[in-house]
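A short worksheet on the structure shown next.
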Amino acid sequence: MAAATVDTETLVKDVVARYADARAGLIPILQDIQAALGYISPQALRALERETGISANEAYGVATFYTQFRFTAPGKHRIQVCNGTACHVRAAARITEELCRYLGVAVGGTTPDGEFSLERVACLGCCALSPVLTVDGKVYAGVTPKKMQRILKEYGFERKAGKS
Amino acid sequence: MSHLAEAYARAKAEWRALEESPAPVVYVGAATCGRAAGAEEVIARFREESEKAGLDARVIEVGCLGPCCFEPLVIVHAPGGPDVCYGGVGAKEASEIFARHIAGGAPCAEWALGVLSDTAAHGIAPLTEHPMMRGQVRRVLANCGRIDPENFAHYLAGGGYEGFLRALEMGPENVIEEVKNAGLRGRGGAGFPTWRKWTFARSAPGTPKYLICNADEGDPGAFMNRSLLEGDPHAVLEGMLIAGLAIGASEGYVYCRAEYPLAIQRLEIAIGQMRDAGLLGADIFGSGFAFDIHIKKGAGAFVCGEETALIASVEGRRGMPQPKPPFPAISGLWGKPTVIQNVETLGNLPLILRNGAEWYAGVGSESSKGTKTFALAGKIARTGLVEVPLGTTLRQIVFDIGGGIADGGTFKAVQTGGPSGGCIPAEKVDLPVDYESLTAAGTIMGSGGMIVLDEDSCMVDIARFFLGFTQAESCGKCVPCRVGTRAMLGILERIVAGNGTPKDLETLEEIAATVKQGSLCGLGQTAPNPVQTTLRYFRHEYEEHIQSKECRAFTCPPLVWYQIDPARCIGCGLCVRACPADAIHGESKSPHFIDQNACIHCSSCLAACAPANAAIYRTSGERRRVEPRMERKDPGAPAQPGKG
């Protein structure tokens, strides 16, 4: 992470080289950058500006329009909690609140130790198995507050205070 | 049909060999939904057992057959009997099915959903007789769950690309005529006649022309497109070839949401197979038709379901809509004529071209021909993906196919069309599902999401939920949508928090009408639908929240209190262990109490309390409810039969 600046420069250069027209390919370029870095860093946007002439301002404007892009480093484990309609009517809001409380972070945040980041997504398309959450892409179906605690334990999360 | 002749012969031989295989074959539903239910462990277990037994059974990953509530789904082919479809197969069941059915020749009737033949066998009824399958007409989904979506030969063997070859012979004008006669209308929601869109684009000046497949299934609560793309990607791609030919396009894009990695992966594989077979390129089969397909990953913005916003996104810009006209069919992607088509619309095209317009229009209603897929979810007993003729009534879908409400609840409403749609109340359950009837009821067909609601669903909260979604997804370009959705959301949030005033309902109606009329694009024009339909059919629930501060569904946290009846509590501690918030306290064997400040309203305690005691109840205003549906084990967990 510390040596990211140097790497970011080459990374962006490599990504841009894959696209014939950088302006038309801006979204895939940003997706590729995020896939490699985990997020869109200010350094990456400045490197992109130097490489393509697309101002960091404009690229940032495009990126912020879409929910996929994040601008802070994600945690080691990425939790996505679905808040689609089917999950909502099966109490996804309670699961989300409980996740926030349990992890001690807000939606969109990362735990201080950098282990877990929590995102709320509109729909994962597994509506028949609601409520659903994913950890690092693995889908967990029929989640309850208790089950959620067991899932987090699988990934090594232990609540500091209180019972497990 | 001389093109691909060799490939067809090979494909048919391969498929026949599989169907008549002397060695056992196990098909496991491994779409995203199947994987979530544990399909990967099942696959591993079958492979393990096969190796142990030295039986050389083939295990094939297929897409989703539809009845998601019975996942993981497995179809077993063993010589000497018809294939058997099993539901709720975990690793344990897999071992047993292997031992009893595959090795022993006696199918396990207790987990069987049906046999894949016309008559019963081994005491198991045909799958087509299963209550969830009986009312369905599976055309678009026919291949889903039956073929290996990554095997080109499987698609060809079932007549894949015959529709496109016929289209090549017929020529574009006749293809448009055929689709016109079939009566196909866009499956993305609005129901615009497909042939008309094509005619505009075909006659529009300017080259190249573009075709975009809208696979940005952004409606929360919908998964029809995901299932089709994961289960039968070639059907959609063949549809793109046919549409591309009809409008004279030379390039196609699939705009697929990044949240569907498996669909993207399968599309990439399928496009590679098309290229190898000569189905893409500069001069396809020497016909002079040039076409290529690229994938664009959407980055997550609901508004990109709107055509002009989608185009902006493909061009690499913020996905904001443009005023129409000009329509994309005249001036779309990079200012060129562009047709945007929903995944399911495209999936219908190979069928129309292969079987003819007359066959296609043989099912459906007067104004809406063919079938439609629906994603059944919410409080319904049998969740999953179903396909029925247009004009089928809601009752048939919700009760006959879906099995009614889960856990013995009472049917209250069904929500169609996602955030752009509305809620149809229980008394309208005999409404035929077609474009016109749904619009008359105040909602829209949408892309096919159907969320079933019961008495535990608060209609005000549902309206607030959808408004919260559209408000967040409003791109901010036009004032009515940007300001109006926020204003409506603010009022709804006040009402569910118990702070509503009688004047609020009037204000809501006024803003809703303005947003509907004044917004630039479909997102804003339809955003008030959830509010307007719930106000129309469930106004009393709004009034209860405002006047008596009660939520009859017991779901709006600020209006609901969880209590323990000291006369019924035996102090067993079950609820204490179930509570994730440590909100329940009390001495062992004496009545417990709930710390209202710590309670998170999750209902875990309600489910934990032994039915014989039923000591926990909820109050809201004057209402009081002792949980009557104690048979449910996990609040919210879908029924998973056969899971040990």
Here the range B:565-576 yields Karplus 3J(HN,Hα) values (6.51, -1.76, 1.60; θ = phi - 60°; whole Hz; Gly and Pro given as x) of 7, x, 6, 9, 6, 9, x, 7, x, 4, 5, 4
Percent of all alpha-carbon pairs of the range B:277-357 at distances over 20 Å, whole number, is 49
Sorting B:273, B:417, B:161 by the position of each Cα along the dipole of the protein assembly as shown (Lys, Arg +1; Asp, Glu -1; all at Cβ), the one nearest the positive end of that ordering is B:417
Expressed in nanometres to one decimal, the distance between label points 7 Å along Cα→Cβ at residue B:170 and residue B:110 is 5.2
A correct fewest-to-most ranking of A:85, A:134, B:555 by other Cβ atoms within 10 Å would be A:134, B:555, A:85
Taking the protein assembly as shown and counting helices only, DSSP H stretches of n ≥ 4 at -39,500 (n - 2.57) each over all residues, the nearest-500 ellipticity at 222 nm comes to -11000 deg cm²/dmol
Once residue B:543 and residue B:203 are pulled to full extension, the length gained, defined as 0.36 nm per residue separation minus their Cα-Cα distance, is 117.0 nm
Check: C-alpha center the range B:150-191 vs C-alpha center the range B:216-233, spacing in Å is 19
Restricting to lysines and to Cα separations under 18 Å from residue B:52, and discarding same-chain partners fewer than 8 apart, the set is B:92
GNM of chain A, Cα pairs under 10 angstrom: of A:39, A:19, A:60, the biggest fluctuation goes to A:19
For the residue B:455, residue A:153 Cβ pair and Förster radius 30 Å, calculated FRET efficiency rounded to 0.05 is 0.30
Relative to chain A, whose Cα atoms define the longest principal axis, helix A:92-103 and its Cα axis are tilted in degrees, nearest 10, by 80
With a Förster distance of 51 angstrom and the Cβ-Cβ distance between residue B:294 and residue B:95, calculated FRET efficiency to the nearest 0.05 equals 0.70
Given unit charges at Cβ for Lys, Arg (+) and Asp, Glu (-), the dipole magnitude of the range B:253-384 about its Cα centre in debye, nearest 20, is 420
Over 26 Å (Cα to Cα) among B:296/B:324; B:180/B:297; B:12/B:369; A:76/A:147; B:477/B:503 -> B:180/B:297; B:12/B:369; B:477/B:503
Nearest 10, in degrees from 0 to 90: the angle of helix A:145-154 to the longest Cα principal axis of chain A is 60
Given a Förster distance of 51 Å, the FRET efficiency implied by the Cβ-Cβ spacing of residue B:568 and residue B:324, rounded to the nearest 0.05, works out to 0.25
Straight-line reach check, residue B:412, cutoff 25 Å on alpha carbons, 8 or more apart in-chain or any other chain, hits among lysines -> B:372, B:379, B:428, B:549, B:633
Distance in nm between residue B:359 and residue B:334 label points, each 7 Å along Cα→Cβ, equals 3.8
For chain B, the dipole about the Cα centre with charges only on Cβ (Lys and Arg +1, Asp and Glu -1), to the nearest 20 debye, works out at 1120
With +1 on the Cβ of every Lys and Arg and -1 on the Cβ of every Asp and Glu, the dipole magnitude of the range A:4-65 about its Cα centre, in debye rounded to the nearest 20, is 60
At the level of C-alpha centres, the distance separating the range B:1-39 and the range B:253-305, in angstrom, is 22
Quick calc: nm separation of the 7 Å Cα→Cβ label points for residue B:40 and residue B:277 -> 2.9
Expressed in angstrom and rounded, the centroid-to-centroid distance over alpha carbons for the range B:557-632 and the range B:425-450 is 38
Non-local residues with an amide H under 5 Å from the amide H of residue B:192, with H modelled 1.01 Å from N and Pro and chain starts lacking one, are B:186
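Bear in mind these aren't lab numbers, they're just calculated from the coordinates by the rules spelled out. Just so you know, these numbers come straight off a predicted model, no measurement behind them. Ideal geometry is used to build each Cβ from the backbone, glycine not excepted, and the neighbour counts take in all protein chains shown.
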